[in-house]
1. Taking Cα pairs under 8 Å and at least six residues apart, what relative contact order does the chain come out at, in percent?
2. At a Förster distance of 22 Å, what's the computed FRET efficiency of Asp190 paired with Arg150, Cβ-Cβ distance as r, to 0.05?
3. Which value, in debye to the nearest 20, gives the size of the charge dipole of region 51-167 about its Cα centre, when Lys and Arg are +1 and Asp and Glu are -1 at the Cβ?
4. Looking at Tyr26, Thr133, Gln38, which one has the Cα that reaches farthest to the positive end of the dipole of region 1-133 (charges on Cβ: Lys, Arg +1; Asp, Glu -1)?
5. Magnitude of the Cβ-charge dipole of region 134-188, K/R +1 and D/E -1, about the Cα centre, nearest 20 debye?
6. For the chain, what are the DSSP H helices with axial Cα length of 20 Å or more and mean Kyte-Doolittle hydropathy of at least 1.6?
7. May I ask you to derive the FRET efficiency for Ala121 and Asp181 from their Cβ-Cβ distance with R0 = 30 Å, giving the value to the nearest 0.05?
8. So for the chain, what percent of the C-alpha to C-alpha distances run longer than 21 Å?
Amino acid sequence: MIDVYSWPTPNGHKVHIALEELGLEYNVHGINIGQGDQFGEDFLRISPNNKIPAITDSEGPDGEPISLFESGAILIYLAEKTGRLMPQDTRARYETLEWLMFQMGGLGPMLGQAHHFRQYAPESIDYAINRYTNEASRLYGVMDRRLADRDWLAGGEYTIADIACYPWIRPHENQGQSLDDYLNLKRWYDAISERAAVQRGVAVLADARPPKLDDAAKEQLFGATQYQKR
């Protein structure tokens, strides 16, 4: 049985969607990052970087339990565990990993910064807003051009690369983007949004997340608390 420790954020949704797509049985444990659950000792044992998501699998490699943190690593693990959502062909496999790393190293961090400075920063900083909104536009353009002659990002099929990128595109308006400016990306986004497993995945823990972050939650997420030694 897989236990997933998560919260309804883009990184959390990656794993929720993959689990639903793969039809794996799992228990979900809400880690309320606005209340500081990510700093609890039990969670830090499986996620030492105090970030969601993390999983434990009682039936890991060779039948032995395993725990994993970092959403990209979890996606690779789940794909390899099931033999799905990752092409078997070597070239297509590396193409999939390439676009997964695009999300992990660029799309997620940069869109996250655009979202932060546009929505959560305590003061409006034009330089930061412009820098990260422009970088978001550039990355949207990269994906749009990639999807001009193909349905999916990598490997000629729907893979963990698509699953990784999709949740970060969902809050596009908060990143200062309109999908009407990226019609290939919009087609891809709409196709994924229509998948039943995706709809189930983004619904995981959705009711637990408050509509707005209060000051206490912002302190847990962005303040000095996260830098204290634990």
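The values are calculated or read from the model by the stated rules, or taken from the named source; none is laboratory data. Everything quoted here is computed from the prediction, not taken from an experiment. Here the Cβ positions follow ideal geometry from the backbone for every residue, glycine too, while neighbour counts run over all protein chains shown. For the accessible areas, the whole protein counts, side chains as well, though only heavy atoms, and no ligand, DNA or RNA atoms are used. Shrake-Rupley method; radii C 1.70, N 1.55, O 1.52, S 1.80 Å.
1. Values: 308 pairs, mean separation 59.2, N = 230.
It comes to 26 percent, rounded to a whole number.
2. E between Asp190 and Arg150, to the nearest 0.05, is 0.90.
3. It comes to approximately 400 debye.
4. Thr133
5. Computed about the Cα centre, the dipole is about 60 debye.
6. Span-like helices in the chain: none at all.
7. 0.80
8. 58 percent
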